[in-house]
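Here's the structure, in structure tokens; my notes come after.
The values are calculated or read from the model by the stated rules, or taken from the named source; none is laboratory data. Values in this document were obtained by computation on a predicted structure and should not be read as measured data. Every residue, glycine as well, gets a Cβ built from its backbone with ideal geometry; the counts of neighbours run over all protein chains shown.
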């Protein structure tokens, strides 16, 4: 592993993992030892975006307060010995800007803000889609950091900025006073050279960004610093408590904890998004890979996460939110039980269609998409849930088959981790759609990966294979085997190809 290993303290087996997602944040305490890997959630808080006249923003100050409160609880849970380390992971692409005094210039924009909609196409056209992909290897998504920065070009805020920090690096800076950019998250920005792993001055200048705003890169496992005195006072933690850079992109942390102990494994990290793909030793930068819209993001130990972003559980969760607001049943177990009995393949959608990025009324958006594609819209909640989950399973099938073909790999099993692994219907549908066994779990893959990287930096666990063996030995897993009619899934896949 690259990065700095630091000696174990008196509580070397106890670590605090801060894990921020698109809808909530939490702090966990992880205990790691010989044959032991246990998590305890000690703090949870909402992550509610704020719509201002300037657009949709993250309430990052509120999130920071939630982190501080969670770290106080983590210290109490750790007991008298204290925490060995703290690590932070979050979602990707979004950033904050600091002025010359290190003060945050406004609330960071939310990646679902609409300001990048037309900018992304303009930048791609100016740079040349093929040249841009050869440089950064990223899937074309309108909210990538590079496009957000292009949308901000010429603004007073960007002109006043002296440092750009991605969200986990911003929170780490507030904890420690140390500036840097952890590489797994930096690789999602579109500003990192896919071949060299360094910041690309050419891409930065292309979107009008001063390359001097980009801080030095650091690897997972690096000791960043210790807590600022004010943070120690606010949390009750020892000021000497180290903060360790983990794989700070939440998907990168989740992939660390994929319990793949044999060759031939693919992964799906399923939450708000489904990130489906393979772990490789080098990026795939071919024209065929670009045309298929695959991304090459950095993983731990120099690995490459070769994957595609798929709209994951977001459409289902948005449907449940709308139904709850209307006084309709919205509890997931009941909806899934009804959906399991609903007519198969009655209606199918493309989960990645722009219609589903941020509609006010997700059930209505699904119905409209079906009408536009010549299908009767789902009739009722059960049919809508069935439509969403079958469509997501088909997207998993399509992406994994493309990844295997483009990377020249054979897939023999699929590991589905994250919150989606609790959805038994989705796991079974994914096994049926892919024709492969699906190993579901761990649900807490991101937090486990966060804690494991900290534990390895303290010498408590070995290489990546050792970490995955520990996950497989200690976490509950369930295997789903294909049992559906392959011909029916082939026909459904052919239908969705036209959408």
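Quick notes on this structure:
- Across the stretch 297-307, the qualifying residues are those that are in contact with a helix residue (DSSP H, G or I) (Cβ under 8 Å, 6 or more places away or on another chain) and outside any loop (DSSP other than H, G, I, E, B), and the one among them that is farthest from residue 139 (Cα to Cα) is 301.
- Residues satisfying the stated conditions in the stretch 340-358, i.e. in contact with a strand residue (DSSP E or B) (Cβ under 8 Å, 6 or more places away or on another chain) and not in a loop (DSSP other than H, G, I, E, B): 356
- Identity of the residue in the stretch 308-339, in a loop (DSSP other than H, G, I, E, B) and in contact (Cβ under 8 Å) with a residue 60 or more places away in the chain, that ends up surrounded by the fewest Cβ atoms within 10 Å (Cβ to Cβ): 313
- The residue that is surrounded by the fewest Cβ atoms within 10 Å (Cβ to Cβ), counting only those in the stretch 399-422 that are touching a helix residue (DSSP H, G or I) at 6+ places or on another chain (Cβ under 7 Å) and farther than 17 Å from residue 260 by Cα, is 406.
- Selection count, the stretch 441-499, where residues are within 28 Å of residue 349 (Cα to Cα), out of contact with any helix residue (DSSP H, G or I) (no Cβ under 8 Å at 6 or more places or on another chain) and crowded, with 21+ Cβ neighbours inside 10 Å: 0
- Residue among 432, 466 that is out of contact with any strand residue (DSSP E or B) (no Cβ under 6 Å at 6 or more places or on another chain), free of Cβ contacts under 8 Å to residues at least 60 places away in the same chain and closer than 29 Å to residue 363 by Cα: 432
- For the stretch 359-371, a residue qualifies if it is surrounded by fewer than 16 Cβ atoms within 10 Å (Cβ to Cβ) and in a loop (DSSP other than H, G, I, E, B), and the qualifying residues are 360, 361.
- Selection of the stretch 73-112 for residues being assigned to a loop (DSSP other than H, G, I, E, B), over 23 Å from the mean Cα position of the chain (by Cα), surrounded by fewer than 22 Cβ atoms within 10 Å (Cβ to Cβ) and modelled with pLDDT of 95 or more yields 99, 100, 101, 102, 103, 105, 106.
- Odd one out for residue 144, checked against (1) in contact with a helix residue (DSSP H, G or I) (Cβ under 7 Å, 6 or more places away or on another chain); (2) under 25 Å from residue 310 (Cβ atoms); (3) crowded, with 20+ Cβ neighbours inside 10 Å: (1)
- Residue satisfying all of: in the stretch 280-307; surrounded by fewer than 21 Cβ atoms within 10 Å (Cβ to Cβ) and under 18 Å from residue 254 (Cα atoms); nearest to the chain's Cα centre (by Cα) among these: 303
- Only residues that are buried (at least 24 other Cβ atoms within 10 Å of the Cβ) and farther than 14 Å from residue 213 by Cα were counted across the stretch 152-166, and they come to 0.
- Of all residues in the stretch 25-72, those that are outside any loop (DSSP other than H, G, I, E, B) and at positive phi total 1.
- Applying the criterion of being modelled with pLDDT of 90 or more and in a loop (DSSP other than H, G, I, E, B) to the residues of the stretch 113-137, the residue that is surrounded by the fewest Cβ atoms within 10 Å (Cβ to Cβ) is 128.
- Qualifying residues in the stretch 271-285 (those that are part of a loop (DSSP other than H, G, I, E, B), in contact with a helix residue (DSSP H, G or I) (Cβ under 7 Å, 6 or more places away or on another chain) and modelled with pLDDT of 95 or more) - the one nearest to residue 411 (Cα to Cα): 284
- Residue match in the stretch 143-161 (condition: within 22 Å of residue 21 (Cα to Cα) and assigned to a strand (DSSP E or B)): no
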